[in-house]
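The values are calculated or read from the model by the stated rules, or taken from the named source; none is laboratory data. Predicted model only: the values in this text are computed from it and were never measured. Positions of Cβ are backbone-derived with ideal geometry, glycine not excepted, and every protein chain shown enters the neighbour counts.
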Amino acid sequence: MPSDDTPEPRRWRRRKDERPQEIVAAALAVFAERGFAAARLDDVAARAGVSKGTLYLYFPSKEELFKAVVRAAILPNLERAERLVDGAPGATFALLDRILAMMGEVIATTQAAIIPKLVIAEAGNFPELAAFYHQEVVQRGLALLARLLERGVARGEFRPLPIDHAARLIVAPLLMCAMWRSAFDAVAPLDVSALIATHRDHLRRVLLVTEDTA
C-alpha cells in the first residue's frame, strides 16, 4: 500500500479538498437552469461527478446547499467591497464609483447574477431562504452603502439626503441588471457596463455638493 507521501494519496487529498467547491459550482449551474424548487440533488451530484451520498456528507439539504452557493458566489465580493470602504482614503464618490463598477462586473460576467432572481421567485415558498438572503446579503449591502453615504455627507462631499432610501435607490439599477440578465439576456442582451456607467454618472450629479447646493 502506498504511503501518505506518494503522489497518488496527495492527488486524492487535493481532490477531496476541492469537492465542496465543485459541488457548489455544480449547484449554481443547476439552480440557474432549473430554479431552486425544480432542481434535484441527483442532478447536482451528477454534474459535480460525485454520488448523492457524497453530496450529503457536505450539505445535508438543498437549502443548505443554496446557502453555500450564496456564500461562495456573492459574499466574497461583498467582503471585498467592505474592505475597500474600511481601508481606502480619499474622496467618497471615488469609493462608491469603484464599488459600483466592481458589482457591475460581477453581474455582467458571472453566474452570480441569477441568484437574486432565484430568491425572488422562491421567496413565497421558501421564506427561510429569503430571510437568509436578506440577512447575509441585502442588509450587509445596504449597510455598506449607508456607511458610504454617511461618510460623504459628514465630509461635506455629498448633500444631505435620506440615507436608507438613497441606499436602496443606488441598488435598484444593479438589481434590474441582474434580473434582466437572468430573464431576457437571450432575446435582448443588456450592456450592463454601459448602464452602470450611466447610473454612476447620474449619482455623481445627484450626490455631489456643487456651488448651487453648498
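State whether the residues of the stretch 113-120 include one that is assigned by TED's automatic domain parsing to the domain that holds Asp86, closer than 28 Å to Asp86 by Cβ and not in a helix (DSSP H, G or I). Talk me through it step by step, then tell me what you get.
Here is the first cut: in the stretch 113-120, the ones assigned by TED's automatic domain parsing to the domain that holds Asp86 are 113-120.
With closer than 28 Å to Asp86 by Cβ added as a condition, the list becomes 113, 115-116, 119.
Going one step further and asking which of them are not in a helix (DSSP H, G or I), we end up with none.
Checked the stretch 113-120: no residue is assigned by TED's automatic domain parsing to the domain that holds Asp86, closer than 28 Å to Asp86 by Cβ and not in a helix (DSSP H, G or I).
Go through the stretch 170-191 residue by residue and tally those that are closer than 16 Å to Ala101 by Cα and over 15 Å from the mean Cα position of the chain (by Cα). Before you say what the answer is, go through the steps one by one.
Looking only at the stretch 170-191, we keep the residues that are closer than 16 Å to Ala101 by Cα, and these are 170-178, 190-191.
Checking which are over 15 Å from the mean Cα position of the chain (by Cα) leaves us with 170, 190-191.
Qualifying residue count for the region: 3.
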The stretch 128-139, subset without any contact (Cβ under 8 Å) to a residue 12 or more places away in the chain and surrounded by 11 or more Cβ atoms within 10 Å (Cβ to Cβ), residue nearest to the chain's Cα centre (by Cα): Val138
Screening Leu129, Leu149 for residues that are aliphatic (A, V, I, L, M), touching a strand residue (DSSP E or B) at 6+ places or on another chain (Cβ under 9 Å) and in a helix (DSSP H, G or I) leaves only Leu149
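Go through the stretch 167-194 and give me each residue that's assigned to a helix (DSSP H, G or I), surrounded by 12 or more Cβ atoms within 10 Å (Cβ to Cβ) and free of Cβ contacts under 8 Å to residues at least 24 places away in the same chain.
As a first pass, look at the stretch 167-194 and keep what is assigned to a helix (DSSP H, G or I): 167-184, 192-194.
Narrowing further to those that are surrounded by 12 or more Cβ atoms within 10 Å (Cβ to Cβ): 167-171, 173-183, 192-193.
Scanning the stretch 167-194 gives Leu169, Met176, Trp180.
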Given the conditions (1) touching a residue at least 24 places away in the same chain (Cβ under 8 Å); (2) in the same structural domain as Arg168 (by TED's automatic domain parsing); (3) within 25 Å of Arg181 (Cβ to Cβ); (4) surrounded by 14 or more Cβ atoms within 10 Å (Cβ to Cβ), and given that Asn125 satisfies all but one, which numbered condition is not satisfied? (4)
Got at least one residue in the stretch 65-75 being within 30 Å of Arg159 (Cα to Cα), part of a helix (DSSP H, G or I) and not hydrophobic (A, V, I, L, M, F, W, C)? no
For the stretch 100-119, pairs from a residue that is over 14 Å from Ser193 (Cβ atoms) to a residue that is at pLDDT 95 or above and outside any helix (DSSP H, G or I), with Cβ under 9 Å and 6 or more apart or across chains, are none
Those residues of the stretch 23-55 which are among the polar types (S, T, N, Q) and either assigned to a helix (DSSP H, G or I) or crowded, with 18+ Cβ neighbours inside 10 Å (or both), in sequence order: Thr54
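So that you can scan it fast, the table gives a plain yes or no per residue for (1) within 17 Å of the chain's Cα centre (by Cα); (2) at pLDDT 95 or above:
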site	(1), (2)
Leu65	yes, yes
Leu78	yes, no
Ala81	yes, no
Asp86	no, no
Gly90	no, no
Leu96	yes, yes
Gly104	yes, no
Gln111	yes, no
Leu118	yes, no
